[in-house]
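Every number in this text was worked out from the coordinates using simple rules, so none of it is lab data. Fair warning: this is a prediction, and the values are worked out from it, not measured in the lab. No Cβ is skipped: glycine too gets one built from the backbone with ideal geometry, and neighbour counts run over all protein chains shown.
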Amino acid sequence: MQNAHRFVRFTWKGGCYWGEHEGNHVRRWSGAPYEDGQPTERSCPIGDVEWLPPVVPSKIIAVGLNYAPHVAESASADAIPDEPVIFLKPPTALIATEGSIILPPNVDRVDYEGELGIVIGIGGRAISVAAAMNHVWGWTIVNDVTARNLQKKDKQWTRAKGFDTFCPVGPWVQTGTDIAHSKLTTRLNGQVRQEGSIDQMIFPIPRLISFISGVMTLHPGDLISTGTPAGVGPLAVGDKIEVEIEGIGILVNHVKA
C-alpha cells in the first residue's frame, strides 16, 4: 500500500482529469496513479469541479452473500456459501458520489447495498492469498444497487445488478489506510439501515482476490465489491442514500425516477 492519499476523477473546464483531494482544492495528476501518473503543479478549487467515478475498471466483480447476517435475511440462499459467490456489474452502471440512481420503469423494488470496494493496482492471475494484498491499490465505497424482484425472477443476477446508475462508487479511492476493522454504515434519509464491520466478512479480502484471480485475470483499475451486511432495503424516488466506511469517507447519492 502507498502513503495515504485520496484519489479522484473529475471534469474541469471541459477536461477530464485524475487528481488528489487536498482540502478545498484538487491537485491534478498527469494520469492514473496506478499507471505511473504523477502530481502536477496545477490545482482546481473543489467548487469548480464535477466528480466522476474514481475508477476506470475493465470489469466490476461483485461478491454476494459475504456477511452471515445478510445470508440469513436473503431469500436467495439458505446456508453460508462454501466459496465466494461472484457476479459482474458492467462499467456502464458506474456513477459518482452525488450522482442520481435512476429507478427503471416496471421494476417493483430496487434495494441499496452498501459495500467496501477494492481497487486493483497490480494485475495478475492465480494470485496467492499470501500475495493478494500486494495487488491492492486502494479502497473505495460501493452501493451495489439491485432490482430485487428481477434478481429473484431471473435466478441469475446480471439484469438485476446491471442497470445504468446501479453502481455508485466514491467519493474517492483511499490509499495507505488500514480498513481491516473499519465500520460500514448505510443511512437512508438520515436513518441508519445497515451497520457492519469489514472484519465480519465470511471470506476476507485476500481470499476474495485469490479466488477471483483464479477465475479471471485482474487488471490495474479493476474494482471488486466485497458484499453487504444485513439491513438491505428498498429505495424510493426522492431518497438520499449514504454509505460510510471509517477511514474512507461517505458515498452520497439521490434517487430519481
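Between Ala4 and Cys16, what length comes free when the chain is fully extended (0.36 nm per residue of separation minus the Cα-Cα distance, one decimal in nm)?
Computed gain between Ala4 and Cys16 is 2.0 nm.
If you put +1 on each Lys and Arg Cβ and -1 on each Asp and Glu Cβ, how big is the dipole of the chain around its Cα centre, in Debye rounded to 20?
Dipole magnitude for the chain comes out near 520 debye.
Between region 174-220 and region 226-250, how many Å separate their Cα centres?
Distance between centres, Cα-based: 13 Å.
Could you please tell me the mean projected area of the C-alpha convex hull for region 156-219, averaged over all directions and given in square nanometres to one decimal?
6.7 nm²
Looking only at Gly138, Gly114, Gly247, which one moves most when the chain is put into a Gaussian network model with springs between Cα atoms under 10 Å?
Gly247
Counting pairs on different chains as well as pairs 8 or more places apart, how many Lys pairs in region 60-256 have Cα atoms under 25 Å apart?
Eligible lysine pairs with Cα atoms under 25 Å apart amount to 16.
Where the centre of each part is set by its Cα atoms, how far does region 11-78 sit from region 79-158, in angstrom?
Region 11-78 and region 79-158 have Cα centres spaced 14 Å from each other.
Let me know the shape class of region 60-203, please: from the alpha-carbon gyration tensor, a ≥ b ≥ c as square roots of the eigenvalues, rounded when a/c is under 1.5, otherwise prolate if a/b is greater than b/c, or oblate.
Because its axes are fairly even, with a/c under 1.5, region 60-203 counts as rounded.
Dividing the convex hull volume of the alpha carbon atoms of region 5-51 by its residue count, what do you get in Å³ per residue?
Considering the Cα atoms of region 5-51, their hull volume per residue is 65 Å³.
Report the antiparallel proportion of the DSSP beta bridges in the chain as a percent, rounded to a multiple of 5.
90 percent
Using a 10 angstrom cutoff on alpha carbons, build the Gaussian network for the chain and name the most mobile of Tyr112, Tyr67, Tyr34.
Comparing Tyr112, Tyr67, Tyr34 in a Gaussian network model of the chain, the most mobile one is Tyr34.
I need Val49, Val26 ordered by Cβ neighbour count within 10 Å, fewest first.
Fewest to most other Cβ atoms nearby, the residues stand as Val49, Val26.
Rounded, prolate or oblate: which fits the chain when a ≥ b ≥ c are the square roots of the eigenvalues of the alpha-carbon gyration tensor, with rounded for a/c under 1.5 and prolate only if a/b beats b/c?
Oblate, because a/c is 1.5 or more while a/b does not exceed b/c.
What longest region of the chain stays clear of trypsin sites (Lys or Arg not before Pro) that DSSP places outside H, G, I, E and B and that have at most 12 other Cβ atoms within 10 Å?
Result for the longest clean stretch: 14-124.
Can you sort Phe10, Phe211 from fewest to most other Cβ atoms within 10 Å of each residue's own Cβ?
Result, fewest neighbours first: Phe211, Phe10.
Multiply the residue separation of Thr92 and Val107 by 0.36 nm, subtract the distance between their alpha-carbon atoms, and state the gained length in nm to one decimal.
Difference between extended and current length: 3.5 nm.
Based on other C-beta atoms within 10 Å, arrange Ile61, Ile141 from fewest to most.
Fewest-to-most ranking of Ile61, Ile141: Ile61, Ile141.
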